[in-house]
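The values are calculated or read from the model by the stated rules, or taken from the named source; none is laboratory data. On a predicted model such as this, the values are computed, not experimentally measured, just so you know. We place every Cβ from the backbone using ideal geometry, glycine too, and count neighbours over all the protein chains shown. Accessible surface areas use protein heavy atoms only, side chains included; no ligands, DNA or RNA. Shrake-Rupley method; radii C 1.70, N 1.55, O 1.52, S 1.80 Å.
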Amino acid sequence: MNKRFKIGIFDDEEKFLSSIRSLKEQKLSIHDVFTPYPVHEVFHLLKRKSRLPTAAYFFGLAGIIATLAFLYYTSVLDWPIVYGGKPFNSFPSFIVVTIVITIFTVTIASLALFSARSKLFPGRDNTIFDPRATDDKFIIVVESDGVELSASDTAGDIMKQLGAVEVMEKEFGNVNE
Amino acid sequence: MLYHDYLKANWEKVYFQFSKSSDFMNFWNQSLGNGVFNYTIPVGSPLKFHGEELSGAMKSVPVANENGYEVIISESVALGTGMHANNPWLMELPDPVSRQCWENVAAISPGDAQKLGIESGTLVKIAEGLILPAFIQPGQADGTISVALGYGHTGSGPVCNNIGVNLYPFAKLADGNRSYGFVTDKLENTHKNSQLALTQVHYLMEGRPIVRETGLSEYLNNPAAGNEQHSEFESTHKSLYPEIKYDGFHWGMAIDLNACIGCNSCVIACQAENNIPVVGKQEVINRRIMHWIKIDRYYSDSPDDPKVYFQPLACQHCDNAPCENVCPVSATNHSSEGLNQMAYNRCVGTKYCINNCPYKVRRFNWYRYTNNKEFDFNTASDLGKMVLNPDVTVRERGVVEKCSFCVQRIQEKKLQAKLENRTLKDNEIKTACMQACPAGAIVFGNLNDKNSMVSKLFDDPRRYHLLEELHTLPSTGYLTKVRNDEKLNT
Amino acid sequence: MYNKKIRGPLVEGNKTLGQITKDVILPMDVRPGMWWFIAFGVSLLAALFGGYAIYMTVYKGIGTWGVNNSVGWGWEIVNFVWWIGIGHAGTAFSIFLLILRQKWRTSINRAAEAMTVFAVLSAALFPALHMGRVWLAFYIFPYPNTRGPLWVNFNSPLFWDFTAITAYLLISASFWYLGMLPDLATVRDRTTSKIRKALYGFFSLGWTGSSRHWIRYESLSFILGGIAAVLVVSVHSIVSTDFAVGVEPGWHTTIFPPFFVVGAIFSGFAMVMTLMVLIRKVYKLTNYITDNHMDAIARILIFISLIMGLAYLTEIFIAWYSGNEFEMFTFFRNRITGDYEFQFWGMIICNAFIPQLFWFRKVRRNWIWLLVVSLSINVGMWLERYNIVVTSLSKDFLPSNWVSYSPTIIDIGVFVGTIGLFACGVLLFMRYIPMMAISELKSVANIGSKKED
Amino acid sequence: MKENIVVSRNFKLVTLILTAIGVGTFIFGLLSNPQLTWANYLVVNYYFLSLAMGGVFFFVLQSISQSGWSSAFQRVSEAMMSYTAFAGILFLLLVFGVNDIYHWAHKEAVALDPLLQHKSPFLNVPFFVGRLIIYFILWIVLIRKLRSISLRGDMTDPADMDGILALFNKSELYSKIFIFILAITFSLAAFDWIMSVDPHWYSTIFALKNLAAAFLHGVSVLTLIVFILHKRGYFPFLNKYHTHDFARYIFMLSIVWGYFWFAQFMIIWYGNIPEETAYYFVRWKEGWKVLFFLEIILNWAIPFMILLPVKASRNRTAIVIVIICLIIGQYVDLYVQVIPGTTGLLRFGIVEAGLFLGFAGFFAFIVATTLSKAKLIPSNHPYLEESLEHRF
């Protein structure tokens, strides 16, 4: 189903930020914003949060426990072998292995989670509202469908007033949240 | 068929008379079937010693002038007169003293070498048509050159053809006696070099307690003389690992350095028993000889009058083996009987164990030595493969191997004892080296059995381990050499 | 808050965001000069020579190398450690300088990370090749198997190596790739060629620059960065345990883990410098990779060089202090004097003395000098690994086992091959991937300038 | 913003009483059990010297890396540095105790021991004392230099940007020299004072490990001082980003220390060569094993676990808990390093406690008085602005 969007294009970070602020003040819902580099202020304004670090912490914990358990099982329970007089449970050696395997686990799991949550994977074709977002423009996208016409227009006006170089309305299909 | 007839006729003439059989064909077939014919030669009158004639013969030996050299032509330890030159095992067996193989060399004294600017490997001309690589032999008297016989074959087989120089033409007949030596007035440095196939290139111990020795009277005073470090190291041995108990067997080997004469029998016995490949001259030059046991030879410091030490060195089967720790694929680990064992099939050839072995007794299969025409020694032809011992695996290229304490023999005897429902007797298992040692220097057995020969030798105050300070806990012990040399005591 | 007046601008020439995009993407849009094709051809030839050497090694056996009964590891392990060391540069650059708040790293880290990936790929060849039976290399995986299941030996530093290198390759590659995502999208959105659009579209994974992407992207970079910091230290520490846990004199020493890590960063930074001097020269990117950048790397190199010198001294001092005859022999009679004195003193001069030239500002600002010194460090670090690997093995405990070592043409071939491989990789990178992190450059381009105006 | 610190009478009184307790214990100890006392004297003396060295490290590293965020706290590290001179005097006293601490100082022991004879060109009393004096002279001279450059900054005209930068560059240059000299001298000092307690044993990473320990514990005490001063209203601009950066320092250094500790232990454990394992063998017996593990738990495991999440590393209470663990941890670490090789007695009694309190009081007194002697915030530091408005 196609949706209509109001798109404001800025070439200055400050103007772009003040537009977001004032859109927020007017309680206008912003679909998303697009920037050529990460702007931390935006994360605060739009209350964007990532729980990836928490997830990674638990991946790490799981990795440590699983690795140590695996090492203990293989070297002590399943097939104990004497190497150079070392005890079966040669803990200092295990620590080295555990560090690396844990790192490995965390990486793979975090990458997978990132890919799944951000919907980024090879061949993925996410909607590009305006290709200049990856070059030098800052872009605010406001949803026009499902809101009153006046609200959508207000958003456009605000952006124009606050220094958008261009404001347009476009229709896109298959837009995901 | 000609040779067959000749052989048969010879047997009929020489050996048939000793046989109890009446029919020659019967005797012939029987001997052929057995593969051997045993007989006793009737002893005639005892031989007499003729002193005068000896001194006469001595007089006929030519004496070199002041600037000349006496050339001594000797039998080599490995090849003897050259009869077995085509045997690759013997061809690759290093000389006990020079530690060199695959050709004959002109051994000259360090003094002469220095005088003429000769180094080991320099080609020297001794006589017309006799150019040999020189070898500087500590202890060789100035003005003498010694060269081994038995090399330089031309039509005797693929291994020995065109290897070394034939010295027989220079062993002239004089007064009806063959003179194994001649005099030459010059030793010419040709300023050309060849590489010698040496199996050991450094010959000093560098003051390290590798071969420990003492004098007889000191030994009589204190049986631990010369071995003081052993108790010292033993007292400081602190391990961070829990001690491992070996129930049942704990195999060990004691090597008496006093008995070892450096004859190399153990080397060949081991090679034959364990299917150890022969690698050829170039690979020996590349320091890749495969012998599982080798006899290290050290000289005492003075090159003019050195004392010689022999030390058989094989895998020490350490209980805290540094090599086992580092193998990533578990190819080498410790058996419940104290053996440091190799699983050839598991080995991927990282060579880490070779590096981490302080004794450097592990060997690597650098090339494929079987079915490879480039290594046409024993295992490239169907006939050659007849020498292989079926009880021992032939190793693949890229695999590490080493002394196994003849584990196949251990298993065989253990099984036999089990079938006969009895305990294993001491000395029942003989490793190949132990079996071959003419001096009884090598003793193998169970260290857990306090009455076994090896345990008794381990209780000897002369016992020590090589590189004790590393706490590798070898299962091989050495016994201090006791010299009959009273000078040592002063 | 970044004080531009004191610290100097990170990007010179008052670039706008659009200009940055244009400048960085330019080398990808225009056909490279003749030099590129020549360089690529030469690298390819070197790589082919390496291919031949590898073929011989696998077809005939390790016997084609110079190693022997006592010196079981030779050039191949030297090269392995050398490459892995160089492979630490990218990650070290991105992570450690991030931790130390060195903002100037932005224009260099992309190339440094690319270098890391190619260097680690080159390095990873050797552990496989040095196996006698490389076709059984999978035995090292601890997977349930039909052999018992007989597991692997978790005590073995080679197993640690294997896991560490696999993890490092994966993480450094994904860290690099992740950093590239926004830039690949930039290329995708700017190109007019259909093939390129499809290709870069595929590899940019559908990146749009949305705030949802950016926040997760930053979190992931933070996680991967933290992890990579630990990993970069642990990888080379683990490589050092290949030697340190052994009993060989000159190998068994507790300082090896940090010493190897520092050495790795040393050689890595030197290689970064070599590369940057050339890239700067060829692509005229002096506004982005400024003289100050080179200056900063040079200062770091002096610092590390002093640490290296100190580590050598510590080793030598403790070798004497220990009173252990084997240690003393290895250090004093086989390295400082003896058969390997050339390699030893070469190492000392290249690593500890020549970098001291960087104390002079003129040297730090002259590209030829920079090239000379950075190359000499690379040679020095190679010699250091040679010293460690070969000298200890050639003369260890029992004099009867003492031998010397020299490489064969095959050894040399494999090494040349990896250099070729590395160079090919770098050249392709320069041609097809934005050489600098565009999005990061944009974020620092105007730092510190706004408030003052 | 309060510019200067005033040391209260009470504080002076308490610290001086503690110092007096220390002196009293020392004299009592010398009379009752000199060996025990000297060994503990070494532990505690080295302990507080290491804190001062940690201060030096923090100062020089910040200068060399031109870090901006920390410049407001520079005076705290300077105050800690200034203790070095007093530590030097206290270390000189150690000369009277060498026979009680060091096995190699006994002529008759050396005569029987070839290994000690080999080491005697290095390990002998005159050279030992000579080195000690040289270390301290070098340190004190450089510390005074850095301090005077820093104080000169306060006098400069704030508008004179070039003059300020020139001063900073000078300070950076001396920092570079210092860190290099420190690396050499402190390594040797660690070999001299601590490692030679077990004269047969050696480890190449030993000096590095102790260097990292000094840095770690120095920075954590520095952080503690900053927090205490903040609580008293001195560093009002201290925000969560500063806290985070301090926590990161502690976190990273704790990992580095743990890494060195593990490297040393693992390599020795793995090689299992008696020459080296003798050291750990003693420290693995009976009660020592508890301390052995306590050491790694306090100095690595707890800081690592607590400071891993970002939230905790911006929380001052969490950080203070970690710092307290580290303060105990350093004592345990040194105790485990020194005591088994000297008295070999595992005990914590009056002598141990009294000496520690005495030194702690003295250290606190010196640091506080030095802090009060100059402006708390180096007002003309070129990066001060970055520090005051520090954001991540």
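Out of the residues in segment C:384-407 that are aliphatic (A, V, I, L, M), within 7 Å of chain B (Cβ to nearest Cβ) and in contact (Cβ under 8 Å) with a residue 60 or more places away in the chain, state the one that is farthest from B:Tyr298 (Cα to Cα). Outline the logic, then answer.
Residues of segment C:384-407 that are aliphatic (A, V, I, L, M), as a first pass: C:388-390, C:393, C:398, C:403.
Okay, now just the ones that are also within 7 Å of chain B (Cβ to nearest Cβ), so C:393, C:398, C:403.
Checking which are in contact (Cβ under 8 Å) with a residue 60 or more places away in the chain leaves us with C:393, C:403.
Numbers: C:Leu393: 20, C:Val403: 15 Å.
For segment C:384-407, the residue satisfying everything is C:Leu393.
May I ask you to verify whether C:Ser172 is at pLDDT 90 or above, more than 8 Å from every other protein chain (Cβ to nearest Cβ), part of a helix (DSSP H, G or I) and surrounded by 22 or more Cβ atoms within 10 Å (Cβ to Cβ)?
No: the conditions fail for C:Ser172.
Name the residues in segment B:167-200 that are assigned to a loop (DSSP other than H, G, I, E, B) and without any contact (Cβ under 8 Å) to a residue 60 or more places away in the chain, would you?
Answer for segment B:167-200, where residues must be assigned to a loop (DSSP other than H, G, I, E, B) and without any contact (Cβ under 8 Å) to a residue 60 or more places away in the chain: B:Lys172, B:Gly176.
Residue pairs whose Cβ atoms lie under 9 Å apart, sitting 6 or more positions apart in sequence or on different chains, and linking a residue in segment C:342-359 that is surrounded by 19 or more Cβ atoms within 10 Å (Cβ to Cβ) to a partner that is not in a helix (DSSP H, G or I), are C:Phe344/C:Thr337; C:Phe344/C:Gly338. Residue under question is C:Ile195, and the condition is that it be part of a helix (DSSP H, G or I) and over 30 Å from C:Val30 (Cβ atoms); does it hold? No: the conditions fail for C:Ile195.
Considering (1) open to solvent by 20 Å² or more (accessible area, probe 1.4 Å); (2) of a type in the set (Phe, Trp, Tyr); (3) farther than 29 Å from D:Pro199 by Cα, the lone condition that C:Phe332 does not fulfil carries the number (3). Annotation for segment D:19-29: at least one member residue is open to solvent by 20 Å² or more (accessible area, probe 1.4 Å), free of Cβ contacts under 8 Å to residues at least 60 places away in the same chain and in a helix (DSSP H, G or I). Take segment A:57-77 and flag every residue that is among the polar types (S, T, N, Q) and within 14 Å of chain B (Cβ to nearest Cβ). Those that are among the polar types (S, T, N, Q) and within 14 Å of chain B (Cβ to nearest Cβ): A:Thr74, A:Ser75. Checked against the criterion of being under 22 Å from D:Gln62 (Cα atoms), in contact (Cβ under 8 Å) with a residue 12 or more places away in the chain and more than 11 Å from every other protein chain (Cβ to nearest Cβ), segment D:254-269 contains one or more residues that satisfy it.
Select, from D:Lys289, D:Lys375, D:Lys285, the only residue that is charged (D, E, K, R), surrounded by fewer than 19 Cβ atoms within 10 Å (Cβ to Cβ) and under 30 Å from C:Val230 (Cβ atoms). Walk me through it before giving the result.
On the way: D:Lys375 fails: under 30 Å from C:Val230 (Cβ atoms); D:Lys285 fails: under 30 Å from C:Val230 (Cβ atoms).
On inspection, the qualifying residue turns out to be D:Lys289.
Taking segment D:134-164, which residues are among the aliphatic types (A, V, I, L, M), farther than 30 Å from D:Ser203 by Cβ and open to solvent by less than 40 Å² (accessible area, probe 1.4 Å)? Passing the criteria: D:Leu146, D:Ile149, D:Ile164. Considering segment B:307-333, the residues that are touching a residue at least 60 places away in the same chain (Cβ under 8 Å) and not in a loop (DSSP other than H, G, I, E, B) include one that is farthest from the other protein chains (Cβ to nearest Cβ), namely B:Val308. Scanning segment C:187-225 for residues that are surrounded by fewer than 19 Cβ atoms within 10 Å (Cβ to Cβ) and of a type in the set (A, V, I, L, M, F, W, C) yields C:Ile195, C:Ala198, C:Leu199, C:Phe202, C:Phe203, C:Phe222. Just for helices (runs of 4 or more DSSP H) wholly inside segment B:1-73: which have at least 1 residues that are open to solvent by less than 100 Å² (accessible area, probe 1.4 Å) and under 30 Å from B:Gly164 (Cα atoms)? In segment B:1-73, B:51-60 are the helices (runs of 4 or more DSSP H) which contain 1 or more residues that are open to solvent by less than 100 Å² (accessible area, probe 1.4 Å) and under 30 Å from B:Gly164 (Cα atoms).
Would you mind stating whether D:Leu115 is closer than 22 Å to C:Ile318 by Cβ, of a type outside the set (Gly, Ala, Ser) and open to solvent by less than 10 Å² (accessible area, probe 1.4 Å)?
Values: closer than 22 Å to C:Ile318 by Cβ: yes; of a type outside the set (Gly, Ala, Ser): yes; open to solvent by less than 10 Å² (accessible area, probe 1.4 Å): no.
The answer is no for D:Leu115.
Looking only at segment D:173-182, which residues are surrounded by 19 or more Cβ atoms within 10 Å (Cβ to Cβ) and not aromatic (Phe, Trp, Tyr)? Selection gives D:Ser175, D:Ile179, D:Leu182. Just to verify a result, which residue in segment A:96-119, among those that are more than 7 Å from every other protein chain (Cβ to nearest Cβ) and free of Cβ contacts under 8 Å to residues at least 40 places away in the same chain, is farthest from A:Asp12 (Cα to Cα)? This residue is A:Thr98.
Do you know which residues across segment C:257-291 are away from chain D (no Cβ under 14 Å), over 14 Å from the mean Cα position of the chain (by Cα), crowded, with 20+ Cβ neighbours inside 10 Å and of a type in the set (Phe, Trp, Tyr)? Scanning segment C:257-291 gives a single hit, C:Tyr288. Pairing residues of segment B:75-94 that are without any contact (Cβ under 8 Å) to a residue 24 or more places away in the chain with residues that are open to solvent by 20 Å² or more (accessible area, probe 1.4 Å), at Cβ distances under 6 Å and at least 6 apart in sequence or on separate chains, gives B:His84/B:Leu90. Of all the numbered requirements in (1) modelled with pLDDT under 80; (2) open to solvent by less than 50 Å² (accessible area, probe 1.4 Å); (3) of a type in the set (A, V, I, L, M), A:Val97 misses one, and that requirement is (1).
For the structure I just gave you, tell me whether D:Ile321 is modelled with pLDDT of 85 or more and surrounded by 21 or more Cβ atoms within 10 Å (Cβ to Cβ). Spelling it out, it is not the case that D:Ile321 is modelled with pLDDT of 85 or more and surrounded by 21 or more Cβ atoms within 10 Å (Cβ to Cβ). On the stretch given as segment A:37-47, residues that are touching a Phe, Trp or Tyr at 6+ places or on another chain (Cβ under 9 Å), part of a loop (DSSP other than H, G, I, E, B) and under 14 Å from A:Ile140 (Cβ atoms) total 1.
Picking from B:Ile276, B:Ile268, B:Ile255, which residue would you name as being assigned to a loop (DSSP other than H, G, I, E, B), under 27 Å from B:Met434 (Cβ atoms) and either modelled with pLDDT of 90 or more or hydrophobic (A, V, I, L, M, F, W, C) (or both)? Let's see the steps before the verdict.
Details: B:Ile268 fails: assigned to a loop (DSSP other than H, G, I, E, B); B:Ile255 fails: assigned to a loop (DSSP other than H, G, I, E, B).
The unique qualifying residue is B:Ile276.
Candidates A:Pro122, A:Pro80: the one that is facing another protein chain (nearest Cβ under 7 Å), out of contact with any strand residue (DSSP E or B) (no Cβ under 7 Å at 6 or more places or on another chain) and not hydroxyl-bearing (Ser, Thr, Tyr) is A:Pro122. Within the set B:Lys456, B:Lys430, B:Lys414, the sole residue that is of a type outside the set (Val, Ile, Thr), more than 14 Å from chain D (Cβ to nearest Cβ) and either part of a loop (DSSP other than H, G, I, E, B) or open to solvent by less than 20 Å² (accessible area, probe 1.4 Å) (or both) turns out to be B:Lys430. D:Ala87 fails exactly one of the following numbered conditions: (1) closer than 30 Å to D:Lys231 by Cα; (2) touching a residue at least 60 places away in the same chain (Cβ under 8 Å). What is the number of that condition? With (1) closer than 30 Å to D:Lys231 by Cα; (2) touching a residue at least 60 places away in the same chain (Cβ under 8 Å) applied to D:Ala87, the lone miss is (2). Using the structure shown, decide if D:Phe180 is modelled with pLDDT of 90 or more and among the aromatic types (Phe, Trp, Tyr). Taking the combined requirement at face value, the residue does not satisfy it. Just need a number here: residues in segment C:15-74 that are among the polar types (S, T, N, Q), assigned to a helix (DSSP H, G or I) and open to solvent by 30 Å² or more (accessible area, probe 1.4 Å). Looking only at that region, the number is 1.
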